Amino acid sequence: NPKKIQNLNVVIIGNQKENENNIAYIRNYRDNIIFSNLKIKNNTTSNLSVAFENLINYNTILESPIIDGFKKEGSGYGVANYSSKKFTINNGEITNCRHSYTGRNTIDVTIKNGFFSDGIDDHWTDNFLVDGVTINAPEGAAAFQFSGNNIKINKPKVLGKARIFLGVREDTPYLGGKVEIIEPKFTTTINSDIY
């Protein structure tokens, strides 16, 4: 049965170890679950790994999540989504993370509206829709990185210092199917070449 978790507020304080491997502060394995107004904030000086991890499930929705401060090199993610089907983020505010979102081996992912202060980086998804998001990309980065089949990026706004609007990942199989980019707005202040 569907479950709804409302207004869960996680604030991380104290002395956290930066070298712990891929620790996630919220981890969801359940099907048919809605997290409404979830807040996860790193209030430490440590570069932590994953705020919210979604694993091997069906139909998870994040409504208006606010996530901040997950910057660990190589594994710093606001949201990590693995081996799921039908995953949605609506009106998210995911900031100060190495990547706002990452995923792999997923089907039917939708990210709609919201503000993301770092890129959306996906390793393998079939049927990915990004609709009406704003990304403030870090210097030299790609706003979007994808592999998989059937990607649609609708009315995105990319700000900051991105070097690349859309990158195709080389370390995962390929980007295929139908790829659509509709009415993109790409503004960058970087001084080097832009791709």
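Observations, loosely collected:
- Within the stretch 28-90: Cβ-based charge dipole about Cα centre, in debye rounded to nearest 20 (Lys, Arg +1; Asp, Glu -1): 20
- Alpha carbon convex hull of the chain, volume per residue in cubic angstrom: 109
- On the basis of the beta-carbon distance and an R0 of 25 Å, residue 11 and residue 63 show a calculated FRET efficiency of 0.80.
- Cα-Cα over 23 Å, subset of 39/86; 86/112; 3/39; 4/41; 39/161: 39/161
- Peptides 129-135, 75-81 ranked from most to least packed by the mean count of surrounding Cβ atoms within 10 Å: 75-81, 129-135.
- Among the GluC sites (Glu not before Pro) within the stretch 59-98, those in coil by DSSP and having at most 10 neighbouring Cβ atoms inside 10 Å are 73.
- Pairwise centroid distance, computed over Cα atoms, of the stretch 159-195 with the stretch 82-111, Å: 17
- Working note: Karplus 6.51/-1.76/1.60 with θ = phi - 60° gives the stretch 61-75 the couplings 10, 9, 9, 6, x, 10, 10, 8, x, 10, 10, 4, 4, x, 8 Hz, where Gly and Pro are set to x.
- Summarising the label geometry, the points placed 7 Å from Cα in the beta-carbon direction at residue 105 and residue 194 lie 3.8 nm from one another.
- Stokes-Einstein D for the stretch 1-50, Kirkwood Rh over Cα pairs, 10 °C, 1.306 mPa s (µm²/s): 127
- Net length available on complete extension from residue 170 to residue 3 is 56.3 nm, with 0.36 nm assigned per residue and the Cα-Cα distance removed.
- Cα-projected label distance for residue 82 with residue 36, points at 7 Å along beta-carbon direction, nm: 3.0
Every number in this text was worked out from the coordinates using simple rules, so none of it is lab data. Computed from a prediction, not measured in an experiment: that's the story for all the values here. Neighbour counts run over all protein chains shown; Cβ positions are idealised from the backbone, glycine included.
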